[in-house]
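Below is one structure, written out as structure tokens, with a few remarks after it.
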Amino acid sequence: MRRGQASSIFSVIALLSSCTGPQTAFDAAGVEAQRVLALFWVLLTGAVAIWLLVIGLSYYATKGDPAKHSEKTGLRLIIWGGCVFPTVVLAALLFWGLKMMPELRRPADGPTIAVAGERFWWRVAYDVDGDPGAVRNLPQGGVPSANEIWIPVNKRSEILLGSPDVIHSFWVPSLAGKMDAIPGRVNRLILEPTELGIFNGACAEFCGTAHAQMGLRVVVASEEDFARYVRAQAEPAAVDESVGLSLFLQNGCGGCHSVRGTPADGDVGPDLTHVASRRTIAAGLLPMTEENLAAFIAAPDHLKPGVEMPAFGVLPDAEIEQISEWLGSLE
Amino acid sequence: MQIFGKTQDNLWTLIAAPTIWAFHFLFCYFLAAYQCAPNADPFTRIGGTRLAIGVVTVVCLVLIGLIVRRSWREWRVDGGGTRNNQDTPEARERFLEFSTLLLAGLSFTAVIFETMPVLLIGDCR
Ligand SMILES: [Cu+2]
């Protein structure tokens, strides 16, 4: 008993501690998340109140003396408490929720960013002219990036979501609800952050082996910083004649990855032109360091089972290190 | 007051109202999906769709209203009452009438709930 109590207290504390941080709907930092959170608290409070009322009534019905009321009173209780009250409450909640929807989805006044969920990472493109739905696939072009999305604070950014393979779902709990990324359809999601910060996102629709490791980061920046960031991402890579670059090209990495400013122009995996400017590699899996880059290149499937990049463990360690060092310089 | 005569209630009159509810649900669902699934322009107003749903809703509500009225009257013929656990034709009749009334009331409310989106949302967002 003692131990059971202790462990249940412990799990409550563990649960509560997940109520703050970069990936929780309880720590709302965006307009939609705040609205949904308000809805949640109202629903929860109401549900608890109604639950207490019903339990109290059933206690009274079994332990008290309900027989002293007339049948008419009972009938009245059923009609008002069992029919009218729930109907009115549900109608009010429905009204509230329905009213919220078009408001949250009204046109954006910030940048349009195309995001494709791909097994098992996120392809990002800034500055696309988006026309949600008019096309069945995401608009092409724009400034390519991956797994880290910058958006300006207090602006309504339009995220256009698509997918070339299976259904994924884009979810940044602190900012907004989820939205599916569906092949053959473009969905739009408005992100309107109200606080600066870095937030975690995740794929919220099972999409394959590495689904649980398909994360992302959202960086909420000031408008100037955002503009500066996108301008920097649009630049080609700062390449030199390093051994890393030639090894990268020799080993065929360029068949899948682009590094703008070099002959590497693959389109299968993430754009690596400014890979070192990101905070993480492999879709939010590991912090961006040269050691992690080397570990990932040598055995991606070891860190991320099911990943769609072949392992390059056959290469000599020294070569992998040189490649990683070079990639680590691509800010 | 006995207008429709007795022993006219059966399983069909019982499920009439929920059937109208089901029809209304499918009608709204299909029409809205037909209009919005192409996803061509989420901001174009869909007045025609809303109007069509409005008209069908009124028709459905009138029909369900008639069912409410009929079952109410039939039920009140011998004074209403909710006891239906005897093995008699009257109890069976009363059971059917009262159930019809409750189901019709539920269907009426449900049809109104199903119509609320078109009152509050004017496009395909
Ligand atoms: Cu996914």
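The values are calculated or read from the model by the stated rules, or taken from the named source; none is laboratory data. Note that the structure is a prediction, hence the values are computed from the model and not measured. Virtual Cβ from ideal backbone geometry, glycine too; neighbours counted across all protein chains shown. For the accessible areas, the whole protein counts, side chains as well, though only heavy atoms, and no ligand, DNA or RNA atoms are used. Shrake-Rupley method; radii C 1.70, N 1.55, O 1.52, S 1.80 Å.
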| said: Tell me yes or no: at least one residue of the stretch B:84-93 is touching a helix residue (DSSP H, G or I) at 6+ places or on another chain (Cβ under 6 Å) and within 14 Å of chain A (Cβ to nearest Cβ). | reply: no
| Which residue, of A:S163, A:S169, A:S157, A:S246, is away from chain B (no Cβ under 14 Å), among the hydroxyl-bearing types (S, T, Y) and in contact with an Asp or Glu (Cβ under 6 Å, 6 or more places away or on another chain)? | A:S169
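Taking the stretch A:161-187 only, how many residues are open to solvent by less than 30 Å² (accessible area, probe 1.4 Å) and not aromatic (F, W, Y)?
We begin by selecting, within the stretch A:161-187, every residue open to solvent by less than 30 Å² (accessible area, probe 1.4 Å); these are A:161-163, A:168-170, A:172-177, A:181, A:186-187.
Checking which are not aromatic (F, W, Y) leaves us with A:161-163, A:168-169, A:172-177, A:181, A:186-187.
Matching residues across the stretch A:161-187 total 14.
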| note | Per the filter on the stretch B:26-66, residues polar (S, T, N, Q) and out of contact with any helix residue (DSSP H, G or I) (no Cβ under 9 Å at 6 or more places or on another chain) are B:N39, B:T44
| note | Of those in the stretch B:1-48 that are at pLDDT 95 or above and of a type in the set (V, I, T), the residue least open to solvent (accessible area, probe 1.4 Å) is B:I20
| request: Check the stretch A:51-69 and report whether any residue there is in a helix (DSSP H, G or I), away from the ligand (no atom under 16 Å from the Cβ) and surrounded by 13 or more Cβ atoms within 10 Å (Cβ to Cβ). | output: yes
| message | Among the residues of the stretch A:224-246, are any within 25 Å of A:P164 (Cβ to Cβ) and either within 16 Å of the ligand (Cβ to nearest atom) or touching a His at 6+ places or on another chain (Cβ under 6 Å) (or both)? | response | yes
| said: I'd like the full set of residues that are open to solvent by 70 Å² or more (accessible area, probe 1.4 Å), part of a loop (DSSP other than H, G, I, E, B) and either away from chain B (no Cβ under 13 Å) or over 19 Å from A:L161 (Cβ atoms) (or both), limited to the stretch A:79-118. | reply: A:D109
| said: Restricting to the stretch A:239-261, and then to whatever is within 15 Å of A:D271 (Cβ to Cβ) and outside any helix (DSSP H, G or I), can you tell me which residue is least open to solvent (accessible area, probe 1.4 Å)? | reply: A:V259
| query | Based on what the data block shows, is A:R185 within 14 Å of another protein chain (Cβ to nearest Cβ), in contact (Cβ under 8 Å) with a residue 40 or more places away in the chain, more than 16 Å from the ligand (Cβ to nearest atom) and farther than 28 Å from A:L303 by Cβ? | reply | no
| said: Give me the residue from the stretch A:254-308 that is out of contact with any helix residue (DSSP H, G or I) (no Cβ under 8 Å at 6 or more places or on another chain) and among the hydrophobic types (A, V, I, L, M, F, W, C) and, out of that set, farthest from A:W121 (Cα to Cα). | reply: A:A299
| Out of (1) touching a strand residue (DSSP E or B) at 6+ places or on another chain (Cβ under 8 Å); (2) outside the structural domain of A:T194 (by TED's automatic domain parsing); (3) open to solvent by 30 Å² or more (accessible area, probe 1.4 Å), the odd one out for A:H274 is which? | (3)
| field | Close pairs (8 angstrom Cβ cut-off, 6 or more residues apart or separate chains): open to solvent by 30 Å² or more (accessible area, probe 1.4 Å) and part of a loop (DSSP other than H, G, I, E, B) in the stretch A:197-212, of a type in the set (S, T, N, Q) and within 11 Å of the ligand (Cβ to nearest atom) anywhere | value | A:A204/A:S169; A:E205/A:S169
| query | Here are some residues: A:E224, A:E205, A:E235. Which one is more than 14 Å from the chain's Cα centre (by Cα) and at pLDDT 95 or above? | reply | A:E224
